[in-house]
Amino acid sequence: MENDVKVDEKVEEADRLLPPHSLPSNSDDEESEAAFDARDKIVIVDFESADDPSAAAPPFSWRKLWLFTGPGFLMSIAFLDPGNLEGDLQAGAIAGYSLLWLLMWATAMGLLIQMLSARVGVATGRHLAELCRDEYPTWARYVLWSMAEIALIGADIQEVIGSAIAIQILSRGVLPLWAGVVITASDCFLFLFLENYGVRKLEAMFAVLIATMGLSFAWMFGETKPSGKELMIGILLPRLSSKTIRQAVGVVGCVIMPHNVFLHSALVQSRQIDPKRKSRVQEALNYYLIESSVALFISFMINLFVTTVFAKGFYGTEKANNIGLVNAGQYLQEKFGGGLLPILYIWGIGLLAAGQSSTITGTYAGQFIMGGFLNLRLKKWMRAVITRSCAIVPTMIVAIVFNTSEASLDVLNEWLNVLQSVQIPFALLPLLTLVSKEEVMGDFKIGPVLQRIAWMVAALVMIINGYLLLDFFVSEVNGFMFGVTVCVWTTAYVAFIVYLISHSNFFSSPWSSSSIELPKRVTVSDS
């Protein structure tokens, strides 16, 4: 009984925030660059052998899993943002159940990429943007930062517009799109308010929002009763036609989001572990794998609910090619009506939860991206305001310009999904480069088998991007000057990808059948 009391006391202590004096004091520069201040981190108490540095990792503990739970669910929001819902509903309406297998495998690929991101953050104690700042020359660092910001702004436009559409639905059209954008922009201050009360409060809020999405879209699934047989065939039987290529690219682009790769490597640093103890680092990675797997399974089910609802209602109909975020709720209402609560408002509640949660994580990611690449010495609130402003200004322009054109706004959302896919290599290739380097990762450098799998995923994504660029060039490029401009940008895009690949160890490892071990550097002292 006495031992149980002691363990419970340790758990309670672990749930409290780490006091400022519990870690060695750092310089001002080091503290300004940290993803989380020392006082904001959650202590992970070693319940067994806490004083023995050589002790092996203790067995699985539900208490510890609870302490590590949080970052994976914040990360999973990017799999559930309005851009994803846009891709889901269009995939369901245009392709029916046929792309469910791609959604499942894209989620699995997303889990692999996110776990590599978490591995970098846990093993190095620094997030991906910070490591890129040291890894690449100045010009390449600024190009990577620009690409990350473009991807983030594109995602944020979708997220804010999606939230504004939900506000318009729930207000019965009283609030126009631009008013919803202004309301959504204020979530930056909610984020700052919650962050002051600790990371656990922020994670709890996201848990509520994810639960709201899950309940809303599961309710829709239950109301519409999609075909279970078609659902299973769609998951187990890969199918792809020329008419659904753009939707397939959108599915991949929505699930693997560039800014989320940077975000996860920073979120895992909200837990305080001893990086000098290999067993504790491995233990943290194991718990993050469990937590992230559960979070992404939930996100997969929510995306599946949305896809199958629209496949049941609109696949093969005249409305299939015209459906988007703006009119989806009204189409659902006309098709299915609703029982206790009209399906229009169920959709609006789920969309609002998706939009609000993803805009906050976008602000979060923007802080880490800007601070890491540029090494800014700014307070968090100022960085959040700058990040939010960079996205809100173009979003407001979009809201005003497209407020009266539903079709144009849906086309814009679709191409913003594609933009995410095009930007993926600029987050993926630096991640694979860094996670494969022993001088960066030490003993936690990934092995040859995992390197091969990760590079195959990256190659698959880049092949999809290549097809997309070719399709765009053939179908959209008209006029000599526009064609020249597109050719120049495409050449620069491909050239930078080639540079990133050549900067990695792609050609020497893990593909070489044999490796020659170079002699270690010998340092001769003057004495």
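Values computed for the structure shown
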| read-out | value |
| --- | --- |
| Label-point separation, Met232 to Val484 (7 Å along Cα→Cβ), nm | 6.0 nm |
| Label point distance in nm, Arg277-Arg377, each placed 7 Å from Cα along Cα→Cβ | 3.5 nm |
| Two-site FRET efficiency, Leu112 against Thr317, from Cβ-Cβ distance with R₀ of 45 Å, rounded to 0.05 | 0.80 |
| Which listed pairs, of Lys276/Lys445; Lys41/Lys64; Lys41/Lys437; Lys41/Lys276; Lys312/Lys335, have C-alpha distances above 20 Å, in listed order | Lys41/Lys437 |
| Neighbour cut-off at most 10 other Cβ (10 Å), DSSP loop, trypsin sites (Lys or Arg not before Pro), region 275-334 | Lys276 |
| Packing-based ranking, highest mean first, of 344-352, 162-170 given that Cβ atoms within 10 Å are counted | 162-170, 344-352 |
| Residues Ser241 and Ala492, FRET efficiency given R0 of 30 Å [Cβ-Cβ distance, rounded to 0.05] | 0.40 |
| Those chymotrypsin sites (Phe, Trp or Tyr not before Pro) in region 109-203 that DSSP places in a loop and that have at most 14 other beta carbons within 10 Å | Tyr197 |
| DSSP-assigned coil residues among chymotrypsin sites (Phe, Trp or Tyr not before Pro) in region 57-96, each with at most 15 further Cβ atoms within 10 Å | Phe60 |
| Estimated vicinal HN-Hα couplings, Hz - region 300-310 in sequence order (Karplus 6.51, -1.76, 1.60; Gly, Pro = x) | 4, 5, 5, 4, 5, 4, 5, 4, 6, 4, 6 |
| Estimated distance in nm for a label pair at Trp415 and Arg452, the labels positioned 7 Å out from Cα along Cα-to-Cβ | 4.1 nm |
| Modelled FRET efficiency - R0 30 Å, Glu334 with Val393, Cβ distances, 0.05 increments | 0.25 |
| Peptides ranked, highest mean first, by Cβ atoms within 10 Å: ranges 424-430, 181-187 | 424-430, 181-187 |
| Cut-off under 5 Å, modelled amide H: who pairs with Ser227 long-range | none |
| Nonlocal amide H pairs with Gln272, under 5 Å, H built at 1.01 Å | Ile42, Val43, Ile44 |
| Vicinal HN-Hα couplings computed from phi for region 85-102 (Karplus, 6.51 cos²θ - 1.76 cosθ + 1.60; Hz; Gly/Pro x) | 4, 4, x, 5, 5, 6, 4, x, 5, 8, 9, x, 8, 6, 9, 5, 4, 5 |
| Highest average packing first - 438-451, 363-376, Cβ atoms within 10 Å | 363-376, 438-451 |
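The numbers here are math on the coordinates, done by the rules we state, and not lab data. Since the model is a prediction, treat every value here as computed from it, not as a measurement. Every residue, glycine as well, gets a Cβ built from its backbone with ideal geometry; the counts of neighbours run over all protein chains shown.
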